[in-house]
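Read the structure below first, then the notes.
No lab work stands behind these numbers, since they all come straight from the coordinates. Small disclaimer: the values here were computed from a predicted structure and weren't measured. Glycine gets a Cβ as well: all are built from the backbone with ideal geometry, and neighbour counts include every protein chain shown.
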Amino acid sequence: MPNLMLPGLVDVHVHLREPGGTHKEDVASGTAAALSGGFVGILDMPNNTPPITDRQTLYQKLGIYRAKAVSDYGLFVGFDGEHVQATVEAAPLAVGLKLYLDETFGDLTTREPARLAEVFEAWPGPGPIAVHAESASMRVALQLAERYGQRLHVCHVSHPDDLFPIDAARQRGVTVTCEVTPHHLFLSDEAVERLGAYAHVKPALVPSELVDLFWQRLHLVDAVASDHAPHTRTEKGEMPRQSTPAALRQKQREPQDPAMGARREASPAPPGLPGLETTLPLFLRAVDEGRLTLERMLELLHDNPLRIYGLQAAADSAVEVDLGTPYRLPFEGYSTRCGWSPFVGQWALGHVVRVRLRGRPVYEDGRVLVAPGYGQPLGRSEQA
Ligand code: DOR
Ligand code: ZN
Ligand code: ZN
């Protein structure tokens, strides 16, 4: 069978941890992981150390990307909850504004309605406002976007019922889009039992009935984004090597230790899961199973990500995938510095063998072929 040729994909939600968390990931390892997952562009979140909440910090982070990135990129600016003007001044350098209305990793959460209203009113674009906002706070964000005429993007929708108020707002003329993560589509809260801290993420994984509803309502979803949020194995604690679905079925036949569950619930490990290298093989497997068409997959991973953020596809870019036969995602062997995957043991299809970006081969058989700094800021499209 000839290899499958795809356009270079774009992941609109990643955390590459530089500056401040380079033991988890840095711009070199994170953009290499992007290429090995078939993504030629990534949009990076502002919850770094220090947080990216003004022109100076954003400019410094852009400098790191300019020196080290091997994929293309766009960077978000955040809001420190206080200095609206500082956030506004960074807007021309940013791909969008990221607001956290619920608890997250880092301390960028702003819940105070008056402050949120101020920043919704003042944001000048051209990028949209992207929000980490689950259920109740998502409704607040929808109201603010409507009141101030802002373009809103809801990150990692946390419950399939949240898709309805988004759709209703859209019907009323609010410009709102949303993304769902692969972990909300391919894992359920069963994984928390099986993997402990390695399935701990915000928004949390949901019961399998709700996973089914996400799939049934996929027509209401604009994009899939990994929310690639690496933490090290040391930070997450011991991972069971036998953490496949088969091993779980075995475990379920054994008597449960109730104290174990309680300890896991109170997990002190930081929330977040890597995902850049597993999204495409998981989706190709879903296409193979007839759960969605290849065309719809490309809307979710290429067309709409660019449209939502008003970005141009990088010219002369392509991803070549050797489909082969279905396989189980491995325990190790990833390019991400954290080196693990919550999807370990899941069925997947396809290996990225070659990636072309702006006319040059940038990745082949596990190796990055370009020097650090080849990556460029994603260009704005005319209509944005
Ligand atoms: O689980 C999460 N991890 N949720 C977030 O909102 C942030 C992310 C991170 O940066 O680790
Ligand atoms: Zn988030
Ligand atoms: Zn995130």
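Structure data summary
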{"quantity": "Burial ranking of peptide ranges 166-179, 308-321, 219-232, 89-102 (average Cβ count within 10 Å, highest at the top)", "calculated": "219-232, 89-102, 308-321, 166-179"}
{"quantity": "For residue 275, residues with placed amide H under 5 Å, excluding near neighbours", "calculated": "228, 229"}
{"quantity": "Assigned charges on the beta-carbon of Lys, Arg, Asp, Glu; the range 2-70 dipole about Cα centre (debye)", "calculated": "140 debye"}
{"quantity": "The chain, relative contact order in percent, only Cα pairs under 8 angstrom and at least six apart counted", "calculated": "22 percent"}
{"quantity": "Reachable lysines, given that their alpha-carbon falls under 18 Å from the alpha-carbon of residue 202 and they are not under 8 places away in the same chain", "calculated": "24, 98, 236"}
{"quantity": "Compactness of the range 16-68 as Cα Rg over 2.2 N^0.38 Å, two decimals", "calculated": "1.09"}
{"quantity": "P(r), alpha carbons of the range 133-216 - 10 Å bins starting at zero, rounded %", "calculated": "18, 46, 25, 10, 1"}
{"quantity": "Estimated distance in nm for a label pair at residue 371 and residue 315, the labels positioned 7 Å out from Cα along Cα-to-Cβ", "calculated": "2.2 nm"}
{"quantity": "Quotient of Cα Rg and 2.2 N^0.38 Å for the range 78-162, N being how many residues it contains", "calculated": "0.99"}
{"quantity": "For the range 40-116: Kirkwood Rh in Å [reciprocal of mean 1/r, alpha carbons]", "calculated": "12.7 Å"}
{"quantity": "Bins of 10 Å from zero: percent of alpha-carbon pairs in the range 283-354", "calculated": "17, 38, 37, 8"}
{"quantity": "Of the DSSP H helices in the chain, those whose Cα atoms cover at least 27 Å axially and whose Kyte score averages -0.5 or more", "calculated": "none"}
{"quantity": "Size of charge dipole - the range 21-160 - debye, nearest 20, with Cβ of Lys, Arg +1 and Asp, Glu -1, no other charges", "calculated": "300 debye"}
{"quantity": "Estimated D of the range 323-379 in µm² per second, where Rh is the Kirkwood radius over Cα pairs and Stokes-Einstein applies at 25 °C, 0.890 mPa s", "calculated": "182 µm²/s"}
{"quantity": "Over 21 Å [Cα-Cα, the range 262-384], rounded percent", "calculated": "53 percent"}
{"quantity": "For q = 0.06 Å⁻¹, Debye-computed log10 I/I(0) when each Cα of the chain counts as one equal scatterer", "calculated": "-0.21"}
{"quantity": "Inter-site label distance for residue 4 and residue 380 at 7 Å from Cα along Cβ, in nm", "calculated": "3.5 nm"}
{"quantity": "MRE, 222 nm, helices only [DSSP H, n ≥ 4, -39500 (n - 2.57), over the chain, to nearest 500]", "calculated": "-8500 deg cm²/dmol"}
{"quantity": "Cβ-Cβ FRET estimate between residue 208 and residue 353, R0 fixed at 30 Å, reported to 0.05", "calculated": "0.35"}
{"quantity": "Given charges at Cβ of Lys, Arg, Asp, Glu: the chain dipole, positive-most of 273, 144, 91", "calculated": "273"}
{"quantity": "Electrostatic dipole magnitude of the chain [Cβ: Lys, Arg +1; Asp, Glu -1; Cα centre; debye, to 20]", "calculated": "540 debye"}
